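Heads up: the structure comes next, in structure tokens.
What follows draws every value from the coordinates through simple rules; no lab data is involved. Quick caveat: nothing in here was measured; it's all calculated off a predicted structure. Quick reminder, even Gly has a Cβ in these numbers, built from the backbone with ideal geometry, and neighbours come from all protein chains shown.
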Protein chains: 2
Amino acid sequence: MSSDNQSQILSRLQGIVGEDKVKTDQDSLDTFGKDWTKIYEPKPLAIVFPKSTEEVAELVKAANELEFAIVPSGGRTGLSAGAVAANGEVVIALDRMNTISDFNAIDRTVRCGAGVITEQLQDYAEEQGLFYPVDFASAGSSQIGGNIGTNAGGIKVIKYGMTRDWVAGMKVVTGKGDVLELNKDLVKNNTGYDLRQLFIGGEGTLGIVTEATMRLDRAPKDLSVLVLGVPEFEAIMDVLHAFQNKLDLTAFEFFSDKAMRKVLARGDVPAPFETQAEYYALLEFEAENEELVNSAMEVFEYCVEQGWVLDGVISQSETQAQNLWRLREDISETIAEWTPYKNDISVVVSKVPPFLREIEEVVNREYPDFEIIWFGHIGDGNLHLNILKPEGLAKEEFFEKCAKVSTWVFEIVEKYQGSVSAEHGVGMTKKPYLQYTRSEVEIEYMRAMKRVFDPKNVMNPGKVIDL
Amino acid sequence: MSSDNQSQILSRLQGIVGEDKVKTDQDSLDTFGKDWTKIYEPKPLAIVFPKSTEEVAELVKAANELEFAIVPSGGRTGLSAGAVAANGEVVIALDRMNTISDFNAIDRTVRCGAGVITEQLQDYAEEQGLFYPVDFASAGSSQIGGNIGTNAGGIKVIKYGMTRDWVAGMKVVTGKGDVLELNKDLVKNNTGYDLRQLFIGGEGTLGIVTEATMRLDRAPKDLSVLVLGVPEFEAIMDVLHAFQNKLDLTAFEFFSDKAMRKVLARGDVPAPFETQAEYYALLEFEAENEELVNSAMEVFEYCVEQGWVLDGVISQSETQAQNLWRLREDISETIAEWTPYKNDISVVVSKVPPFLREIEEVVNREYPDFEIIWFGHIGDGNLHLNILKPEGLAKEEFFEKCAKVSTWVFEIVEKYQGSVSAEHGVGMTKKPYLQYTRSEVEIEYMRAMKRVFDPKNVMNPGKVIDL
């Protein structure tokens, strides 16, 4: 891009959002040009901070006219480089569109600007005696617009589903600059193709979500947490099945002993019990009455009798519940110092055990010095594979070897008809592997969708698919 | 179409599905050429009965090549003429693809051919100790493929959602004849645009669903039914809100006294109680333990104190629960003898009272002799408006007047940002009114979707949108 071009673009941006809402200082470019992947060097042209859907539409029209690329930016907590601007793009940061309004107690809905922080919505719901159930580690920074763009999942999916299930309606600016108000917040609306669904999980490649009406739910009551020690992976599935037959679980997570030992070594939380097991399952359910607690205890005893569970604990207080949750939730942060290779994959729940074994086998065979840390949302078939860098190994060599691991992993994903990205999206990091989950003809239809909503390829180009 | 052309088409169809699986006798043409709307005269060219996705794909490819139109046909219980073949189309009836297979107890999923009857799936689920929750009056005839194509709703949407929420994966033949296997039955799969969602509710205009993996749920326990007499419509919303704050309702329906009197007059079911009220609310919940029943009783008493409820009854047996349900479910059949005008509309729940009043006002003012019968899924904001033909009025004149009613109703729908079709789809009957719910630019994007998946317009042409 010539500098003439650049200054033309910058002056247009300033005309739309105001001079002080266009940032080109290095600090802003570095901050807003990347997400949590951190493997790409941010190189945006500018960061703009619109305050309304109209301004966003103007920006997109300018992009079509002056032929510059846009990267929509939320909380930038993504792990697939979906919000990275590494090629002179204009980053549209939705931070200023962070108003929560129009709460309706009967409909249990609330309108959110795309820039509303997930936790801000969770807190708002709580103030109304209600609950926004999509929750995950980065909820304190991620934004609702980004949650929708990536169809964010997290730790409560087994009961509450993904972000997709909580979007009653939305306003979106398409790649052509059209403003669509989709679904009018209706529960029932069978009037042709539900276009809303394409933008949910579309990673900002078809348009930018600027506002959304989010559904809230009844607040869960008396959440109890159980942590169970399980001697072998297969038994986790038996435990899941046994509990699901008796209780509506709000979470079913798992982690390996290796993962837990690292968390315990930090000394922040106590061990759940003395017995050591190869794996642990963490269950959560609403213990609203004694019957339900008794029911859970009966299933627990049955699982012990069957040899599926070695030991277990049930939370007796909110603090204990929180500590048990930390055994699972602190893993990611704890292992960060080992520069872990991370992968987020899924299969249908019943296929998880052989799928996990097969991945373990190939990694152990090829790189016996690699330490694998497993954890994840097992109730949804979603595994987070983490491999720690051996101490003596140089970073570059480790990542080279990990690239090979990725290919083996994705070949196994394909064999088990799984997903190369369960909840983290495609962005740039998973784009080369998309064909392991989506067929060539599906990808061709995806390209056609892109051409319909964004014919000039201005919206987050280079993410999800290449044209 | 010339007769040469016709015989070329017929011979190609026979080549694909076999001679005896192509029907052209008048009886078959009449039966398979229409749905429950019955206002269009069926005129299909032929009815074909494929047995596999491959045969369906061959049929669609033949349609593209020989330029004939296809109407996909399920149980033909639709009320919007989505499955009517009135223009020499080839009807593809999925009846033979009715196998249920691959049940998985861990994943709680089962594979269904498109021709599986909804009730067949419900029964199958029950045999496995599980539950298929999408239910409605025509479940004994409607087929899963049609349920998906129309995103069927029904009486349990308040808790379980629409058909969309139960499709784990599907096989679909696009209008171009491509076979897509969508989502691989995964709970979590964030790998780009979720194309599955376009075919759900697409009314067979983008492609034909040939198989689907449906999710099943835990069977509900100890369902209790409450019927409450409510003196004025606004109070129904207060009652809904009060109960929802304390219980997870599995249904919340309403009907007017006029509707109930007609059902009672048939003498099949007893009145719920002696007190007469202008409206009745029917609630259902899982009375799993005494605490929940007490909780329901407390809310009931509170509602009586507030003057929102005049009288009420809670089912004491399964038979009584069924009889209470019949007060609601028998309405449609009961009023059929009055040749009713029917409309299926929705708004967000909180706007239902003024919306209903406004419709009543205009109809009462313009046609004071028209008797309005209201009922519907009030917990979802979904109203079924029924107007009975006055005895002295000729059918033709009644329908002419009703066409005017439709326009007034849809203008009010637009004012309240509602839907011109809550759950019955667009088909042909709602197509002229689509713009009251979907903006012109939305409809233009819908046309673009159609051009992508069905560029030669062979799939159910003339339904949902015109190109």
Task: Paramagnetic reach from B:E290 in segment B:241-259 [backbone N under 19 Å; point 7 Å along Cα→Cβ] - done: none
TODO: Consider a paramagnetic label point 7 Å from the Cα of A:T339 along Cα→Cβ; state which residues of segment A:395-427 have an amide N under 20 Å from it.
DONE: A:395-407
Task: Spin-label pair B:R447/A:L393, simplified geometry with 7 Å Cα→Cβ offset, distance in nm - done: 5.7 nm
Task: Cα lying deepest toward the dipole's positive end in segment A:13-112, options A:V90, A:I106, A:I47, charges on Cβ - done: A:I106
- [ ] From zero up to wherever the largest Cα-Cα distance of segment B:3-93 sits, split into 10 Å bins and tell me the percent of pairs in each.
- [x] 19, 53, 26, 2
Task: Label-to-label distance, nm, for residues given as B:E127 and B:K404 (7 Å Cα→Cβ offset) - done: 5.5 nm
Open item on the list: Which three numbers, in whole Å and largest first, are the semi-axes of the equivalent ellipsoid of chain A derived from its Cα gyration tensor as √(5λ)?
Closed with: 39, 27, 20
- [ ] Please compute P(r) over all alpha-carbon pairs of segment A:296-400, binned at 10 Å starting from zero, and give each bin as a whole-number percent.
- [x] 12, 31, 36, 16, 4, 0
Open item on the list: Please report, for A:S141, the nm distances (one decimal) from its label point, 7 Å out from Cα along the beta-carbon direction, to the equivalent points in the remaining copies, shortest first.
Closed with: 5.8
Task: Electrostatic dipole magnitude of segment A:223-332 [Cβ: Lys, Arg +1; Asp, Glu -1; Cα centre; debye, to 20] - done: 560 debye
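Rounded to the nearest 0.05, what FRET efficiency is calculated for A:D165 and B:H241 with R0 set to 30 Å and r the Cβ-Cβ distance? Walk me through the intermediate numbers first.
Values: r = 22 Å, r/R0 = 0.72.
E between A:D165 and B:H241, to the nearest 0.05, is 0.85.
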Task: Ranked B:Y445, A:Y132, criterion: other C-beta atoms within 10 Å, fewest first - done: B:Y445, A:Y132
Task: P(r), alpha carbons of the protein assembly as shown - 20 Å bins starting at zero, rounded % - done: 14, 44, 35, 7, 0
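State the volume of the convex hull built on the alpha-carbon positions of segment A:103-196, expressed per residue in Å³ and rounded to an integer. Walk me through the numbers before you get to the answer.
On the way: hull volume 10.7 nm³, N = 94.
Convex hull volume per residue, Cα atoms: 114 Å³.
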- [ ] May I ask you to derive the FRET efficiency for B:I106 and B:K38 from their Cβ-Cβ distance with R0 = 35 Å, giving the value to the nearest 0.05?
- [x] 0.20
Task: Distance-filtered residues of segment B:10-24 - backbone nitrogen under 14 Å, label point 7 angstrom along B:R96 Cα→Cβ - done: B:13-24
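Arrange A:R328, B:R261, B:R447, B:R196 by Cβ neighbour counts within 10 Å, fewest through most, would you? Kindly include the intermediate steps, with their values, before the conclusion.
On the way: A:R328 24, B:R261 13, B:R447 16, B:R196 21.
Ranked by crowding around the Cβ, least crowded first: B:R261, B:R447, B:R196, A:R328.
Could you give the length gained on full extension between A:E361 and A:T275, defined as 0.36 nm per residue of separation minus the Cα-Cα distance, in nm? Mind dumping the intermediate values first?
Numbers: separation 86, 0.36 × 86 = 30.96 nm, distance 2.64 nm.
Contour length minus Cα-Cα distance gives 28.3 nm.
Hey, got the average number of other protein chain Cβ atoms within 10 angstrom for residues in B:195-203? Show your work: numbers first, answer last.
Working: counts 7, 1, 9, 8, 1, 4, 7, 3, 3.
What the average comes to for B:195-203 is 5.
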Open item on the list: Need one number: nm distance between label points at B:E298 and A:E318, each 7 Å from Cα along Cα→Cβ, rounded to one decimal.
Closed with: 2.0 nm
- [ ] Any chance you could check the Cα centroid distance between segment A:340-370 and segment B:47-117 for me, in angstrom?
- [x] 39 Å
Open item on the list: Assume the label is 7 Å from Cα along Cα to beta carbon: what separations in nm does A:E127 have to the matching positions in the other copies?
Closed with: 5.4
TODO: Anything over 31 Å Cα to Cα? Flag those among A:K34/A:K184; A:K21/A:K450; B:K415/B:K456; A:K171/B:K221; A:K176/A:K404, in the order listed.
DONE: A:K34/A:K184; B:K415/B:K456; A:K171/B:K221; A:K176/A:K404
Open item on the list: At 7 angstrom along the Cα-to-beta-carbon line, where would the label on A:T275 sit relative to the other copies? Give the distances in nm, shortest first.
Closed with: 5.5
- [ ] Could you please point out the chain A residue with its Cβ nearest to the axis of the rotation taking chain A onto chain B, and the distance in whole angstrom?
- [x] A:Q197, 2
Task: Packing-based exposure ordering (other Cβ within 10 Å, fewest first) of A:V172, A:V230 - done: A:V230, A:V172
